[in-house]
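Undergrad: Before anything else, here's the structure in question.
Values quoted throughout were computed directly from the atomic coordinates according to the rules given, and no laboratory measurement underlies them. Computed from a predicted model, the values in this text were never measured in an experiment. All Cβ positions, glycine included, derive from the backbone under ideal geometry; neighbour counts span all protein chains shown.
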Amino acid sequence: MTNLLEKMPWLIYKVDQDALNMVVQACSKKGLLHNAKSILEEMLQSQFHVKSETYSALLLSLGLILDTEACNILIQGHCQANDLKKVGELLGVAIRKDLEISLSSYRSLVQMMSRTGRVRVALSLKNLMLVQSTFDGLIIYNILIFYLFSAGNSFLVNKILDEMDEKKVALNEVTYNFLVYGFLQCNDLCRSVHFLTTMIAKELKPSNRSLRMVISSLCKARELRKALELSREMEVRGWIHGSVIQNAITACLLSHDGRLDKAVHLLNTMLKKHTIPLSTSYDSVISGLCTHKRLDVALDFYSEMSVLNLKPKSNTVTMLVNSFCQDGRTEEAEQLLTDMIDGGETPTREMYCSVINSYRMKSNLRKASEMMQSMQKNGYEPDFETHWSLISNLSNDKANDTDKSSKKFLSWLLSKSGFAHKK
């Protein structure tokens, strides 16, 4: 069984965890310490449950020949089991025998100490690692910072940063992202923004998560200008950030204390100063303005997109068309469709139906039928409700029409719609 696991380590995922514990115990009793340590290490990395009897069996077999590899495996295992007593004993053995603590063991130890409130032990361990370990000191600091933040201890993180500054330890991209996200998790937006702007100034790209969290928090705190500046800094450097960030900025602008006029004025000011990346704003702004029934301003932004050769999303145009139709401005809605066709684009079925129904509600049946014909030329067939309501309205007009114009028009519409006249 042991030889099979060594030759095909993937089999460990197919074997029952109790069986693996028994294999390690058996190998330990037979003196097959290399096999026992190898299997135990795989179990720990896979986060399998390791029984206390398994550790005891290995420790008993090791006796006085506990080596570095075995010590680290046991430290990680007892950290996983939250066995503080055993961890303390093993650390004592490691220090007395001058056994090197691995990064994995250090990470497990710091995580456990931070989680259980024993931060002084974690700090002492950091000092030991900096003196005895061959690993990069920055990695040791980064691990400690991460787990201190996880425990919500931003005070000690500031102390660690002072120490790093005194020792001239330069922060890297990983450190900055930990600081940006960590201080934000500890509700210290000021410090978070400080480290975010510092890393950007150093040409270090923040993670999308860090940037998204900070900008969203700035928007909630009504720090709109700062949010926009950060977004622009990213754009200038060619660093693409997600639409979630862009939408957070625009949504906050449009809901700025409920004062839409102020939000639009601020947005216009930023656009003139090229503060907002062009790709972030227009679609969301137009949708927001339509929602607030500011159609003239929305149309201005839509026209501005055309001037800048920016293509709006189909949903944006649909919302504009629907909003104009609902407001009774059907001619302007139709003009939007005409502009699309002139620009080589095809309006959607929804756009056509919205305009046709709007004209029908205004009893402008000739315009409605013209739009229906245009719709059919572009490969769309109107839905039954649109088609039938238009024919019904024409039939009602026919009953009251003395010059027979409606009758002729109805006959024409029916023939264009594929209905044959019965003789």
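Undergrad: Express in nm, to one decimal, how much length is gained between SER124 and GLN45 on full extension, taking 0.36 nm for each residue of separation and deducting their alpha carbon distance.
TA: 25.9 nm is the gain from fully extending SER124 to GLN45.
Undergrad: Could you tell me what % of all Cα pairs in the stretch 75-154 have separations over 16 Å?
TA: Roughly 45 percent, rounded to a whole number.
Undergrad: Cut-off is 10 Å between beta-carbons; in what order do VAL214, VAL93, VAL121, VAL50 appear when sorted fewest neighbours first?
TA: Ranking VAL214, VAL93, VAL121, VAL50 by Cβ neighbours within 10 Å, fewest first, gives VAL93, VAL121, VAL50, VAL214.
Undergrad: Which loop trypsin sites (Lys or Arg not before Pro) in the stretch 280-325, with loop taken from DSSP, have no more than 13 other Cβ atoms within 10 angstrom of their Cβ?
TA: Qualifying residues, ordered by number: LYS293, LYS313.
Undergrad: Where does each of LEU40, LEU156 land when they are ranked from fewest to most other beta-carbon atoms within 10 angstrom?
TA: With the sparsest Cβ surroundings first, the list reads LEU156, LEU40.
Undergrad: Explain nothing, just the number: relative contact order of the stretch 85-169, from Cα pairs under 8 Å at least 6 residues apart, as a whole percent.
TA: That works out to 25 percent.
Undergrad: If we count other beta carbons within 10 Å of each Cβ, what is the order of LYS377, LYS126, fewest first?
TA: Final ranking by Cβ density, sparse to dense: LYS377, LYS126.
Undergrad: Distance from the Cα centre of the stretch 335-368 to that of the stretch 78-113, in angstrom?
TA: What the calculation gives is 73 Å, centre to centre.
Undergrad: Can you tell me the FRET efficiency between GLU203 and ASN158 if r is taken as the Cβ-Cβ distance and R0 is 30 Å, rounded to the nearest 0.05?
TA: According to the calculation, E is roughly 0.75.
Undergrad: Here are some pairs, LYS168/LYS202; LYS126/LYS205; LYS126/LYS168; which of them have Cα atoms lying more than 19 Å apart in this structure?
TA: LYS126/LYS205
Undergrad: Still on this structure, I have one more. FRET efficiency for GLN376 and ASP18, Cβ-Cβ distance as r, R0 = 60 Å, nearest 0.05?
TA: 0.25
Undergrad: Once you have the Cα-Cα distance between GLN132 and ARG349, take 0.36 nm times their residue separation minus that, and quote the gain in nm to one decimal.
TA: Stretched fully, the GLN132-ARG349 segment lengthens by 71.0 nm.
Undergrad: What pairs from LYS97/LYS167; LYS220/LYS313; LYS51/LYS85; LYS30/LYS51; LYS30/LYS86 go past 20 Å between their alpha carbons?
TA: Pairs exceeding 20 Å: LYS97/LYS167; LYS220/LYS313; LYS30/LYS86.
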